[in-house]
Every structure is written in C-alpha cells, then in structure tokens.
Amino acid sequence: MPRTVLEAEAIQDELRPLLDLTGPGPRDPARIAGVDVAYDGDRLAAAVTVLDGTTLEVVEEVAVHGRVAFDYVPGLLAFRELPALLDALDRLSALPDLVVCDGYGLAHPRRFGLACHLGVLTGLPAIGVGKTAFVGTYDEPGPERGSWSDLRLDGDVVGRVLRTRDGVKPVFVSAGHRVDLDTACHNVLNLTLRYRLPETTRAADRLSRRMLTENCRPGLMGSERHDEMG
DNA sequence: GCGACAG
DNA sequence: ATCTTGTCGC
C-alpha cells in the first residue's frame, strides 16, 4: 500500500501496461458483480453483490469490515476502496463474469481508474459506472434512455455519457479491463431497466450500508447461509 | 497561479 | 463518501 500520492501515482503508471483493452468482453455474462464501499469515520464496509445476468436476481453476496487506510484523493480512489473490495471478492464461492464498479475506469487522469485497477488485480472483466462527472468533456446526450455522447479527454474517447432512463441524469460509463466501451454500455443498459443506476450498484450499496449499520459478526456478512437445521 | 476534482 | 426536511411525481 502506497503511503504518498506520488507513490500511488507511480503504482498506477506501473500497472497500466497490464490492462487488456482488446475487446469485446462478455455480452451476456451469467454472473454480474456489483461492488461498493460505505464509510463511517475510519470504519468502512465493502460489499460485493452477484446478480444473475438474465433475471437480475441476487445469487450471492459478501460484505466485510475494514479500516480506512488511504485518504480520499481524486484520482486515487482505488487505494482507498480496493483493499476491502478484494477481500470481499476473495470470499465469493464462484468468480463473476463481469464486475461493475462504482466510479471510473479509463476515464481517469492517468487512464487507470478504480475499474482498471480492480480488473488488473483480479484478472476479471470490469467496467466503471460513475454518477457524476470527473474528467473529460462531453455534450449532453439526448433525453431518451439509450442515448449517449462521447466522453473525451485530451482528444481521446475515454468513456460514454449514457442516459439509462428517460429524462433522468445520465451516468458516466468507461471500460476497465477486458471489456470494450460498446459492451460496457450494453451491459449497463441491461442492468438499468428500472432505475438510473445499475441493479448491481444499487444492491452493493444497500449491502455495504447495512453491513456498517447492523451489529454483525466483525469480519463478514453474506450469503454463506449457515444452514440452520433443527 | 487558481479552481475543480470518481467515492 | 457523509451531513439532512420537505416535496414533487408516478
């Protein structure tokens, strides 16, 4: 774990060459994971929620407790959230086919946002879905669900501003690892049949908050249902 | 130089 | 991220 901004940025530059940007990535993933982290002072809870790619039903979920080990610095979000997220991902019974991150991927000052970092470290296909603008310029996409516009940074298209619901504020989609932008947006639209944000993100957000609030066994919480027989 | 800045 | 009431709308 880096201890300074400079160290962290160096790590990003070091890992960036490991990115797999040769598309297209999973168009019909069977298991899609959503990840999110909730905070309370220096306490945090990281959650991973896996949905069935077809029914969008939650098929597995894991949440873990942790401590903030890196202050939030724009551009270095991964160092704050990744340790706990990797911990939670390790506890899944089966690997997901796609991970939807809360934040950015290639749309990043050094082209290595949370979704890229998580993807490289786990080897899993990953994409980023941000709720607000971070980097880049763009034109407002059309008002209907499905319309989008390029998110550009220094002349490169680094992501897409995608309208997931009619007349509702768009989200910022970018590729992370082993998924191209088209496939990323395709998946995001499949995950937003009812709300602006992907069901994966919503489920992970709820779980992480619950983990923080409830007095559960320090360590974990999840769908490792302890068969309560008898 | 100053302000903005994922979560 | 988090602090926070009411309010407009389906």
Determine the per residue accessible area of the stretch A:5-222 with all protein chains present and a 1.4 angstrom probe, expressed in square angstrom. 43 Å²
Taking a probe of 1.4 angstrom, what is the accessible area of A:Thr54 in Å², to the nearest 10? 120 Å²
Principal semi-axes in Å for chain A [√(5λ), Cα gyration tensor, largest first]: 27, 22, 16
Rounded accessible area of A:Leu51 (nearest 10 Å², 1.4 Å probe): 0 Å²
Rounded to a whole %, the carbon-and-sulfur portion of the accessible area of chain A at a 1.4 Å probe is 50 percent
Could you grab the relative contact order for the stretch A:5-222? Cα pairs under 8 Å, six or more apart, rounded to a whole percent. 25 percent
With the Cα gyration tensor of the stretch A:33-161 giving a ≥ b ≥ c as the square roots of its eigenvalues, does the rule (a/c under 1.5 for rounded; else a/b larger than b/c for prolate; else oblate) give rounded, prolate or oblate? oblate
Hey, what do the phi angles of the stretch A:132-141 turn into as Karplus ³J(HN,Hα) couplings, whole Hz, using 6.51/-1.76/1.60 and θ = phi - 60°, x for Gly and Pro? 9, 5, 10, 9, x, 10, 6, 9, 4, x
Which whole-Hz couplings ³J(HN,Hα) result when phi for each residue of the stretch A:3-10 is put into the Karplus expression 6.51 cos²θ - 1.76 cosθ + 1.60, θ = phi - 60°, listed in order with x for Gly and Pro? 10, 9, 4, 4, 5, 5, 5, 5
If DNA, RNA and ligands are ignored and the probe is 1.4 Å, what is the ranking of A:Lys169, A:Lys131 by accessible area, most exposed first? A:Lys169, A:Lys131
In whole Hz, with x marking every Gly and Pro, tabulate ³J(HN,Hα) for the stretch A:150-167 from phi via Karplus 6.51 cos²θ - 1.76 cosθ + 1.60, θ = phi - 60°. 5, 10, 10, 9, 6, x, 9, 8, 9, x, 9, 9, 10, 8, 9, 9, 4, x
Chain A, helix-only ellipticity at 222 nm - DSSP H runs n ≥ 4, -39,500 (n - 2.57), divided by all residues, nearest 500: -8000 deg cm²/dmol
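Would you mind telling me the antiparallel percentage of the DSSP bridges in chain A, rounded to 5? Present the calculation step by step, with values, prior to reporting the outcome.
Numbers: 37 of 44 bridges.
DSSP beta bridges in chain A are roughly 85 percent antiparallel.
The values are calculated or read from the model by the stated rules, or taken from the named source; none is laboratory data. Keep in mind that this is a model prediction, so the values were computed, not measured. Heads up: the accessible areas ignore ligands, DNA and RNA and are worked out on the full protein's heavy atoms, side chains in. Shrake-Rupley method; radii C 1.70, N 1.55, O 1.52, S 1.80 Å.
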